[in-house]
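The values are calculated or read from the model by the stated rules, or taken from the named source; none is laboratory data. Note that the coordinates shown come from a computational prediction; the quantities given were computed from them, not determined experimentally. So basically every Cβ, Gly included, is an ideal-geometry build from the backbone, and we count neighbours across all protein chains shown. Just so you know, the surface numbers come from the protein's heavy atoms only, side chains and all, with ligands and any DNA or RNA stripped out. Shrake-Rupley method; radii C 1.70, N 1.55, O 1.52, S 1.80 Å.
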Amino acid sequence: MTHGASTGARRIYLLVGAVGAGKGTQAEILRERLGLPHLASGDLFRKATREGTPLGEKARVYMERGDLVPDELTIAMFMDELAKPEAARGAILDGFPRTVAQASALDATLAGQGEAISRVVYVEVPSEELVERVSGRWVCPTDGTPYHVVTDPPRVPGICDKDGTPLIQREDDKPEVVRARLAQQVPPMLEVIAHYERAGKVARIDGRGAIDEVTARVLDALGMSQRVG
Ligand code: AMP
């Protein structure tokens, strides 16, 4: 074993939330505040495919079909990340585990090295608000600048501020597609929450409101008081 003094003492947090709930944003804020790596499954898989690693080549086939990558590969990837020196003090997991099977396998693997998930933060936002949030996103097809019709609108509706190009909505962000993604995503996510609720690890927080208000709730759920200034 090479985990040294960190084994058993590190903090492994899970951030759980549906598409548009803002968990990625909160995970990034936590990464900066707590100095822990933010391990986002989709990003890690995309990086591996870009770099053409053996894991990336195997994962590519599933990702291109929009399927989940097999549990064995996914768990191996996270355990590799957790074995890196950057994760010696802990990590923030995002996008994994996505099913109870993954959660059980992760728990068993961590238990094998005397560890466990410290806390699960579930960022809750009502489905209709999620649809509004996601379907309000528009992007410039030329330079990729993102806008949001409510929270970050362009100066002229439907037009990129920077180069005047008409904005487009990604196929994935259309309301009917968002509803279909939620219908697929939410049931297994709730099962993961129930799994960790049985272990008394879940903190449910209200994901509505301003980003910093949500951050304050997340920090509170982790037993950390908000530092002012
Ligand atoms: P995302 O960026 O979270 O939408 O993930 C992009 C792709 O990565 C998904 O469509 C899956 O193919 C794969 N992926 C992400 N997270 C997981 C996971 N927990 N288990 C299996 N595959 C995953």
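Work out the P(r) tail for segment 81-193: percent of alpha carbon pairs separated by more than 25 Å, whole number. Counting every Cα pair in segment 81-193, those more than 25 Å apart make up 46 percent.
Shape class for segment 148-229, computed from the alpha carbon gyration tensor (a ≥ b ≥ c): oblate, with a/c not under 1.5 and a/b at or below b/c. Per residue, the chain reaches -14500 deg cm²/dmol at 222 nm when only DSSP H runs of four or more residues are counted, each adding -39500 (n - 2.57). Electrostatic tally near LEU222: other residues with Cβ closer than 12 Å to its Cβ, Lys and Arg +1, Asp and Glu -1, net +4.
For ILE168, ILE12, ILE211, the ranking by accessible surface with the largest value first comes to ILE211, ILE168, ILE12, using a 1.4 Å probe. Which value in Å is the Kirkwood Rh of segment 8-53 over different Cα pairs? Taking the inverse mean of 1/r over all distinct Cα pairs, segment 8-53 comes out at 12.1 Å. Over all orientations, the chain has a Cα convex hull whose mean projected area works out to 14.2 square nanometres.
Of the Cα atoms belonging to segment 35-147, the radius of gyration and Dmax stand at 16.5, 50 Å. Fully extending the segment from LEU68 to THR142 would add 23.6 nm, taking 0.36 nm per residue of separation and subtracting the current Cα-Cα distance.
Taking K and R as +1 and D and E as -1, what net charge do the other residues with C-beta under 14 Å from the C-beta of ARG179 add up to? Counting the neighbours of ARG179, the net charge comes to -4.
The distance between label points at ARG208 and SER104 comes to 3.6 nm (points 7 Å beyond Cα on the Cα→Cβ vector). In this structure segment 67-181 gives 51 Å² per residue of accessible area when probed at 1.4 Å with all protein chains present.
In whole percent, how big is the carbon plus sulfur part of the accessible area of the chain, probe 1.4 Å, protein atoms only? Carbon-and-sulfur percentage of accessible area, whole number: 54.
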